[in-house]
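Q: Below is a structure I'd like to ask you about.
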Amino acid sequence: MTAQQIHELLKQGERLTLECKRCENKLPNSLWETYSSFANSYGGTILLGIEEHRSETEPSRRFTIQGVANPDKLIIDFWNLANNPNKVNVNLLTDDDVQIVPVDGVNIIAIHVPQAEYSAKPVYINDNLTKGTFRRNHEGDYLCRKDYVFAMVRDANAEGNDGMLVHGCSLADIDSETLRGYRQMFRTIYPEHWLVGLDDKEFLRQMGGLALDQETGKECLTMAGLMMFGKGLPIRECFSNIRMDYVDLTQLYGDMRYSDRLTYDLTWENNLFNFFMFTMPRLTRDLPRPFVLEGIQRKDDTPAHRMVREAFTNMIIHADYLLTGVLKVEKREDGFFFSNPGMLRLPLEDIYKGGTSLARNPHMQNMMRMIGFGENLGTGFPAIVSTWEQAYHIRPVLSEHPSIFATELLLPTRVATTTESTNVTENHTETIQKSREETTQTTTQTTTQTSTQTTTQTTTQKIIELMRQNREISIDEIAKKCGITRDGVNYQIKRMKQKNLIRRIGFDNGGYWEIIE
């Protein structure tokens with residue numbers, strides 16, 4: 001890293017992947033919180049010897065380059081602590097990740113912290129898993145909630161989650177109609193397969209839905225077996241933290257909140273197979289179906305239909321069903337939206353590149369693949385991207401939301417206005433730019449050029465008025481009052497800061513908004 005590169009970083013200010021810390025004669029204690037948060041998030045750079053003045057909005061005055069007085073000693077101290085398991089549970093760095101950089105006549109220490117692989121997370125400090133695990137959000141380091149910490153611990157297991165035994169649930173908790181429907185689809189695709197002749201019990205065992213509890217000697221359903229084929233009541237009792245929800249937000253008028261919905265209403269057995277099979281026809285019925293003959297039969301399946309199914313399948317096999325959240329599927333005027341609890345196990349650049357399959361629920365993945373949905377070669381998402389761009393000339397947007405530990409995918413059929421909740425958050429934008437700079441540039445330019453300026457200006461004015469009325473108003477409150485998503489509010493606030501219309505005084509918690517007249 002050079003002095004010029006550091007100046008360029010400072011022009012952009014602290015953010016998801018940059019942290020500046022004042023450092024004179026000893027390492028700041030907060031250094032290790034940032035180390036943990038960068039490692040558990042997307043990686044980043046720590047600059048020691050630079051003080052940030054958070055109340056300043058002018059980049060030239062926001063940072064003071066003070067330097068460090070004894071860089072060689074501080075680096076020795078750093079390595080001693082980085083290799084001390086009582087301070088940091090894992091050292092991710094090499095010698096090249098720490099360097100002294102002369103800047104404006106003083107010395108700066110630059111530390112590059114890479115993103116930890118899923119098998120190394122969580123990275124925590126002070127020998128305390130639950131109170132020493134941090135993640136990055138915007139420009140701050142935040143202590144992870146315990147359930148998020150344990151989610152990272154689970155994700156470190158290469159075998160996934162869905163083989164977990166659900167004690168107390170047996171074959172009696174399987175919905176016979178659901179399993180019969182699945183087996184009929186399986187038989188149609190593989191009429192000669194040896195699994196066809198098995199009874200339901202052995203079929204489930206071979207598919208990973210039923211297993212023997214080695215401690216008690218009793219047979220138990222696995223998470224995969226119960227969630228895919230179970231009756232609604234035992235699913236709701238064992239996994240009360242999770243919910244499945246399909247909403248059609250198209251063709252609304254008057255006070256309509258939705259035109260169609262599938263949720264827990266006791267009219268269907270709410271397992272994953274039913275959720276998928278009941279939702280897919282509703283989700284894709286309005287997609288164009290060109291008249292194409294295959295032999296003497298009409299071929300109704302199109303690449304767009306297949307990619308929507310692939311996206312739906314990915315949501316099921318990558319969701320973390322031990323977190324609290326919703327498997328949400330929305331049909332919107334501007335496209336299709338999928339959301340599931342759980343962060344991505346692989347970096348975004350690896351997912352867009354393809355070639356690696358790392359499902360959180362490999363048994364569910366196999367169950368879906370055996371009836372023609374999804375694949376396990378790691379090419380599913382690149383196929384979605386390329387096929388969707390060919391069909392609609394707009395790139396799908398995959399994003400993570402650390403604040404709620406969730407992953408979202410938008411398949412846009414057209415460029416949306418601000419009020420249609422498709423704006424990318426500041427966090428997501430930085431992550432995308434970091435992981436796939438070239439491919440994102442085209443999408444960003446297209447979206448920016450075609451956005452509706454009038455809608456944006458109206459939303460900006462409304463946000464400013466809300467801030468005047470309540471200087472401590474939260475992002476969620478703004479989103480609710482403006483009728484847009486939290487992502488949309490973050491996007492607007494970022495633009496407003498860039499235009500010097502507003503500034504944030506203090507931290508996210510306990511701070512307030514200031515309107516720049």
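The values are calculated or read from the model by the stated rules, or taken from the named source; none is laboratory data. Fair warning: this is a prediction, and the values are worked out from it, not measured in the lab. For neighbour counting, all protein chains shown are included, and Cβ atoms are generated from backbone atoms with ideal geometry for every residue, glycine included. Remember, those area values only see protein heavy atoms, side chains included, never the ligands or the DNA or RNA. Shrake-Rupley method; radii C 1.70, N 1.55, O 1.52, S 1.80 Å.
Q: Inside segment 216-326, counting only helices (runs of 4 or more DSSP H) that do not spill past its ends, which hold 1 or more residues that are closer than 21 Å to Met185 by Cα and among the β-branched types (Val, Ile, Thr)? Spell out the reasoning first.
A: On the way: elements: 223-229, 232-238, 272-284, 303-318.
By residue number, 272-284, 303-318.
Q: Name the pairs: first residue in segment 147-170 and under 20 Å from Ile317 (Cβ atoms), second residue in a helix (DSSP H, G or I) and of a type in the set (D, E, K, R), Cβ to Cβ under 7 Å, at least 6 apart or on different chains?
A: Within 7 Å, the pairs are Asn161/Arg154.
Q: Name the single residue, out of those in segment 192-211 being open to solvent by 80 Å² or more (accessible area, probe 1.4 Å) and not in a helix (DSSP H, G or I), that is farthest from Arg261 (Cα to Cα).
A: So, considering only residues that are open to solvent by 80 Å² or more (accessible area, probe 1.4 Å) and not in a helix (DSSP H, G or I), the one farthest from Arg261 (Cα to Cα) is Glu192.
Q: Just checking, does segment 187-201 include any residue being under 25 Å from Asn270 (Cβ atoms) and in contact with a Phe, Trp or Tyr (Cβ under 7 Å, 6 or more places away or on another chain)?
A: Looking through segment 187-201, none of the residues is under 25 Å from Asn270 (Cβ atoms) and in contact with a Phe, Trp or Tyr (Cβ under 7 Å, 6 or more places away or on another chain).
The rows are residues; the columns are (1) within 24 Å of the chain's Cα centre (by Cα); (2) surrounded by 15 or more Cβ atoms within 10 Å (Cβ to Cβ).
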residue: Pro102; (1), (2): no, no
residue: Lys121; (1), (2): yes, yes
residue: Gly160; (1), (2): yes, yes
residue: Ala172; (1), (2): no, no
residue: Thr178; (1), (2): no, yes
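Q: Output the number of residues of segment 80-95 satisfying the condition of being within 22 Å of Lys121 (Cβ to Cβ) and either open to solvent by 80 Å² or more (accessible area, probe 1.4 Å) or assigned to a helix (DSSP H, G or I) (or both).
A: Our first condition is that a residue be within 22 Å of Lys121 (Cβ to Cβ); within segment 80-95, this holds for 81-94.
From the residues that got through so far, the ones that are either open to solvent by 80 Å² or more (accessible area, probe 1.4 Å) or assigned to a helix (DSSP H, G or I) (or both) too are 81-83, 85-86.
Within segment 80-95, residues that are within 22 Å of Lys121 (Cβ to Cβ) and either open to solvent by 80 Å² or more (accessible area, probe 1.4 Å) or assigned to a helix (DSSP H, G or I) (or both) number 5.
Q: Same structure, new question: Out of the residues in segment 339-358 that are assigned to a loop (DSSP other than H, G, I, E, B) and buried (at least 22 other Cβ atoms within 10 Å of the Cβ), which is farthest from the chain's Cα centre (by Cα)?
A: Taking segment 339-358 as the starting set, the residues that turn out to be assigned to a loop (DSSP other than H, G, I, E, B) are 342-347, 354-358.
Retained after the next criterion (residues that are buried (at least 22 other Cβ atoms within 10 Å of the Cβ)): 342-343, 345.
Numbers: Gly342: 7, Met343: 4, Arg345: 9 Å.
Within segment 339-358, the match that is farthest from the chain's Cα centre (by Cα) is Arg345.
Q: Taking into account only those residues within segment 46-58 that are modelled with pLDDT under 80 and either acidic (Asp, Glu) or more than 21 Å from Thr34 (Cβ to Cβ) (or both), which is most open to solvent (accessible area, probe 1.4 Å)?
A: Taking segment 46-58 and keeping what is modelled with pLDDT under 80, we get 54-58.
Right, trim to either acidic (Asp, Glu) or more than 21 Å from Thr34 (Cβ to Cβ) (or both) and you get 56-58.
Details: Glu56: 56, Thr57: 59, Glu58: 77 Å².
Among those that are modelled with pLDDT under 80 and either acidic (Asp, Glu) or more than 21 Å from Thr34 (Cβ to Cβ) (or both), it is Glu58.
Q: Sticking with this one: Being at pLDDT below 70, under 23 Å from the mean Cα position of the chain (by Cα) and either assigned to a helix (DSSP H, G or I) or of a type in the set (A, V, I, L, M, F, W, C) (or both): is that true of Thr454 here?
A: On the way: at pLDDT below 70: yes; under 23 Å from the mean Cα position of the chain (by Cα): no; either assigned to a helix (DSSP H, G or I) or of a type in the set (A, V, I, L, M, F, W, C) (or both): yes.
No: the conditions fail for Thr454.
Q: Please go through segment 123-150 and give me each residue that is surrounded by 19 or more Cβ atoms within 10 Å (Cβ to Cβ) and among the hydrophobic types (A, V, I, L, M, F, W, C), ordered by number.
A: Within segment 123-150, Val123, Ile125, Phe134, Cys144, Val149 qualify.
Q: Considering only segment 45-79, how many residues are over 14 Å from Val98 (Cβ atoms) and touching a residue at least 12 places away in the same chain (Cβ under 8 Å)? Even if it seems obvious, please write down each step before you answer.
A: Going residue by residue through segment 45-79, those that are over 14 Å from Val98 (Cβ atoms) are 50-67, 69-70.
In the following step, the residues that additionally are touching a residue at least 12 places away in the same chain (Cβ under 8 Å) were identified as 50-52, 54-55, 57, 59, 62-67, 69-70.
The total comes to 15.
Q: Name the single residue that is nearest to Leu283 (Cα to Cα) among those in segment 311-338 being charged (D, E, K, R) and surrounded by 22 or more Cβ atoms within 10 Å (Cβ to Cβ). Write out each step before concluding.
A: Initially, segment 311-338 is screened for residues charged (D, E, K, R), giving 320, 328, 330-334.
Now restrict to residues that are surrounded by 22 or more Cβ atoms within 10 Å (Cβ to Cβ): 320, 331.
Details: Asp320: 23, Lys331: 6 Å.
Filtering segment 311-338 for residues that are charged (D, E, K, R) and surrounded by 22 or more Cβ atoms within 10 Å (Cβ to Cβ), the one nearest to Leu283 (Cα to Cα) comes out as Lys331.
Q: Here's a follow-up. Looking at (1) closer than 17 Å to Arg332 by Cα; (2) open to solvent by 40 Å² or more (accessible area, probe 1.4 Å); (3) touching a residue at least 60 places away in the same chain (Cβ under 8 Å); (4) of a type outside the set (Phe, Trp, Tyr), can you tell me which one Met256 breaks?
A: In the conditions (1) closer than 17 Å to Arg332 by Cα; (2) open to solvent by 40 Å² or more (accessible area, probe 1.4 Å); (3) touching a residue at least 60 places away in the same chain (Cβ under 8 Å); (4) of a type outside the set (Phe, Trp, Tyr), Met256 misses (3) alone.
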